[in-house]
Amino acid sequence: MTHLDWEYAPAPESAAIGRIKERYSMFVGGKFVDGQGEDLKTVNPATEEPLAVVSTASTADVDTAVSVARKAYDDVWSRMPGAERGKYLYRIARGIAERARELAVVETLDNGKPIKESRDGDVPTASAHFFYHAGWADKLEHAGYGPDPKPLGVAGQVIPWNFPLLMAAWKIAPALAAGNTVVIKPAETTPLSILVLAEIIADADLPPGVVNILPGAGDVGSALVNHPGVDKVAFTGSTAVGRAIQASLAGTRKKLTLELGGKAANIVFDDAPIDQAVEGIVNGIFFNQGHVCCAGSRLLVQESVAEEVLAKLRARVATLRLGDPMDKNTDIGAINSREQLERITALADAGDEEGAERWTSPCAVPDRGFFFPPTVFSGVSQSMRISREEIFGPVLSVLTFRTPDEAIAKANNTPYGLSAGIWTEKGSRILGMASALRAGVVWSNTFNRFDPTAAFGGYKESGFGREGGRAGLGAYLQEEN
Ligand code: NDP
């Protein structure tokens, strides 16, 4: 066999397309205003260089934003016919599409994800969420929520750093379609793309105060969700913070949805098309550096094909290109923050200590920036931390099974229940497994596919409530059935 020793030429997207400004402000009442919190500096995780300074909210700013959102709700948004609300959502969807290239660059610079993912995944899907929900705005009374479904009021929303723009769209679009107004806090490390979205929202002439964006740290999120003027809380993030929010909201009249962590089983049967399954395994755990709540982080492979799958998987993972997220050929970008890199490193080290076998892709790792090479642990048992805890990084734990019942038992042996994957040729097995798995989303012969029409959400410690589709709208309406 001849070995072709060639390299991809660099294919970097231009950072200038992001038009990143030196300074960004909060977006409150339709205006960009400086908050009274301490400025934060957001860095490019691939270079560790500062990108921009962002003004943050104080508790007083949270008060202001909530009362502005209340006024916009009472005076304008809750009274507007759904067909009119829908027009604004369509405009925002188009605005995202028009500025797609710029948004992709901003997202990649601020988050560290590969440009091909922000360009082909995050940004178009964010636009699709606004398009999809625009279509609902004038049809709510035909959706089975009763003859005259009512919005809840002001939604307080907190989102994480792994899909900053997409999570903003997931949260804002259904809230607005149902007639609520919004105060939303992005993650501290990724505030930029939602502030570009704020410009798009302003250009769409959305009535002032309908969407308010408050950059800041966890204390701003806490002040927001606990604010008495908020009627509905939607949170995506860690199970620990979700648990704290649920405890603090207990006994209040606030409606709550929580989208938390996961430890999904990706189950490969011996009759699966192995090469395709390998692609699905790679996409399941290495997409977005594994910073995905529904990542297929536990591979359950049938014992009779385990050796073959593992060999093919290692060979395939060794071809993944890690490095500059702005390069169009990059598969694995940067870890979003030093803290996250440390968390991943510590959990992977726990895998060594507990006796699993670590395999690391032989790819070169840049000496600047936060990077973690794709890693596959085999010989993993269910009691190990790498099998139980969410690593939220490019680390796969491989377990084996012999029978479908064993696969079900192992897949469900987790405090989480967000997603799962099944790889098999047999349709009946897909259906049987899907109904036995305690997971909100079950993919068959694919993984990590997202669509605004599909309800997404978890069981157990992965949270409750659904986002997307008709079910997601119900979370923003008074009459849910
Ligand atoms: P967090 O849950 O801390 O962050 C999610 C969002 O909540 C951020 O906007 C954060 O602000 C905010 N926040 C933090 N504390 C509070 C609070 N007390 N009340 C309200 N909002 C708050 O997750 P981390 O970023 O710390 O990540 C830790 C781990 O969580 C990861 O390793 C991963 O396992 C998991 N995770 C899961 C996600 C998912 O999609 N399921 C998403 C992100 C993380 P700030 O950014 O300023 O901290």
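Basic side chains Lys and Arg get +1 at the Cβ, acidic Asp and Glu get -1 at the Cβ, and with that the dipole of the chain about its Cα centre reaches some 1180 debye. Once neighbouring chains are kept in place and the probe is 1.4 Å, which whole percent of the accessible area of the chain is contributed by carbon and sulfur? That share works out to 52 percent.
Considering only the chain, what is the antiparallel percent among its DSSP beta bridges, to the nearest 5? Mind showing how you got there, number by number?
Numbers: 18 of 58 bridges.
If I count the DSSP bridges inside the chain, around 30 percent turn out antiparallel.
Listed here are the pairs LYS113/LYS150; LYS113/LYS312; LYS312/LYS426; which of them are more than 27 Å apart at the Cα? Beyond 27 Å between Cα atoms: LYS113/LYS150. Compute the Cα gyration tensor for the chain, then decide on rounded, prolate or oblate, letting a ≥ b ≥ c be the square roots of its eigenvalues: rounded whenever a/c is under 1.5, prolate when a/b is larger than b/c in the other cases, and oblate in all that remain. It comes out prolate by the Cα gyration axes. Using a cut-off of 13 Å between beta-carbons, work out the net charge of the residues near GLY296 (Lys and Arg +1, Asp and Glu -1, GLY296 not included). It works out to a net charge of +1. Note on LYS87: aspartates and glutamates with a C-alpha under 14 Å away, same-chain residues under 8 apart excluded, are ASP138, ASP203, ASP205. Pairs exceeding a 29 Å alpha-carbon distance, out of LYS41/LYS171; LYS185/LYS254; LYS232/LYS263; LYS21/LYS71: LYS21/LYS71.
Taken about its Cα centre, the range 364-481 carries a charge dipole of about 280 debye when Lys and Arg each add +1 at the Cβ and Asp and Glu each add -1 at the Cβ. Solvent exposure of the chain, expressed per residue, is 39 Å² of accessible area, with all protein chains present and a 1.4 angstrom probe.
Going 7 Å from the Cα of THR403 along its beta-carbon direction, which residues of the range 298-326 have the amide nitrogen within less than 18 Å of the resulting point? Once the point is set 7 Å along Cα→Cβ of THR403, 301-305 turn out to lie under 18 Å by backbone N, inside the range 298-326. When THR190, THR125 are compared by accessible area of protein heavy atoms, the largest-first order is THR125, THR190, using a 1.4 Å probe.
Using only Cα atoms and rounding to the nearest 10 degrees, what angle (0 to 90) does helix 239-249 make with the longest principal axis of the chain? Here the helix axis deviates by roughly 30 degrees.
Other residues whose C-beta falls under 14 angstrom from the C-beta of ALA318 contribute a net charge of +3, scoring Lys and Arg +1 and Asp and Glu -1.
Within a Cβ distance under 14 Å of ARG91, other residues only, what is the Lys/Arg minus Asp/Glu net charge? Mind showing how you got there, number by number?
Numbers: positive: ARG85, LYS87, ARG94, ARG99; negative: GLU84, GLU98, GLU199, ASP203, ASP205.
Local net charge: -1.
Cross-link reach is defined here as a Cα-Cα straight distance under 18 Å, omitting same-chain residues fewer than 8 places apart; for LYS328 the aspartates and glutamates meeting it are GLU7, GLU13, GLU102, GLU107, ASP110, GLU117, ASP120, ASP122.
The values are calculated or read from the model by the stated rules, or taken from the named source; none is laboratory data. Treat the numbers as computed from the prediction; the structure is a model and nothing was measured. Positions of Cβ are generated from backbone atoms using ideal geometry, with glycine treated the same way; all protein chains shown enter the neighbour counts. Accessible surface is based on the protein model in full, side chains and every heavy atom, while ligands, DNA and RNA are left aside. Shrake-Rupley method; radii C 1.70, N 1.55, O 1.52, S 1.80 Å.
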